[in-house]
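The structure appears below as structure tokens.
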Amino acid sequence: MNERRDATEEDVNSMIKRLIKQTNETLEMSRKAGNNQERTDTLAEQVEILESLLPAQLSGEALVALIEQTIAEVGATTRKDMGRVMGALNKATGGNFDKAAAAKEVGSRLA
């Protein structure tokens, strides 16, 4: 970082997420090539290690409770408000939630 400031936890998590994405892309290419199982295994292990460094993703009942709270706080009533709800969820959790499950749940709660 060239911003001459201390890195925050959010900065570190963001960097780890980027590394996971890059490593997963390389892992998929390695699996498709299928010619170096040792490399594929190493990449899979690296992804597991990187994922273990991130805080646990919010999901299940805890996510549903936060969605209900966020919908009430934002005052969302229609599907047009879905973007505001998802943005508020992202801000509240630092993006550390199951986005697909959240989108499905939010969509089912808004008319």
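The values are calculated or read from the model by the stated rules, or taken from the named source; none is laboratory data. What you are looking at is a predicted structure, and each value in this text was computed from that prediction instead of being measured. With ideal geometry, Cβ positions are generated from the backbone for all residues, glycine too; neighbour counts draw on all protein chains shown. Keep in mind that these areas ignore ligands, DNA and RNA; they rest on the heavy atoms of the full protein, side chains included. Shrake-Rupley method; radii C 1.70, N 1.55, O 1.52, S 1.80 Å.
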I'm trying to understand the selection: among the residues of segment 53-73, which are open to solvent by 60 Å² or more (accessible area, probe 1.4 Å) and more than 27 Å from residue 19 (Cα to Cα)? 61, 68, 69, 72, 73
So, of the residues in segment 1-11 that are under 22 Å from the mean Cα position of the chain (by Cα) and of a type in the set (Asp, Glu), which turns out to be surrounded by the most Cβ atoms within 10 Å (Cβ to Cβ)? 11
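Hey, among the residues in segment 74-101 that are part of a helix (DSSP H, G or I) and more than 25 Å from residue 14 (Cβ to Cβ), which one's most open to solvent (accessible area, probe 1.4 Å)?
Among them, the one singled out is 80.
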Can you tell me which residues in segment 12-51 are among the small types (Gly, Ala, Ser) and either closer than 24 Å to residue 95 by Cα or surrounded by 12 or more Cβ atoms within 10 Å (Cβ to Cβ) (or both)? 14, 30, 44
Filter segment 102-111 for residues that are part of a helix (DSSP H, G or I) and either surrounded by 14 or more Cβ atoms within 10 Å (Cβ to Cβ) or within 12 Å of the chain's Cα centre (by Cα) (or both) and give the result. 102, 103, 105, 106, 109
What pairs can you find where one residue is in segment 65-87 and acidic (Asp, Glu), the other is open to solvent by 80 Å² or more (accessible area, probe 1.4 Å), and their Cβ atoms are less than 8 Å apart, with a gap of 6+ or different chains? 68/109
Pairs please, first residue from segment 3-17 and within 21 Å of residue 47 (Cβ to Cβ) and of a type outside the set (Asp, Glu), second anywhere and open to solvent by less than 100 Å² (accessible area, probe 1.4 Å) and assigned to a helix (DSSP H, G or I), Cβ atoms under 8 Å, 6+ apart in sequence or on different chains. 16/50
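If you check residue 20 against the conditions, is it under 15 Å from the mean Cα position of the chain (by Cα), among the β-branched types (Val, Ile, Thr), modelled with pLDDT of 90 or more and within 18 Å of residue 98 (Cβ to Cβ)? Walk me through how you get there before you give the answer.
Working: under 15 Å from the mean Cα position of the chain (by Cα): yes; among the β-branched types (Val, Ile, Thr): yes; modelled with pLDDT of 90 or more: yes; within 18 Å of residue 98 (Cβ to Cβ): yes.
Taking the combined requirement at face value, the residue satisfies it.
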For residues that are of a type in the set (D, E, K, R) and farther than 14 Å from residue 59 by Cα, tally how many sit in segment 71-105. 6
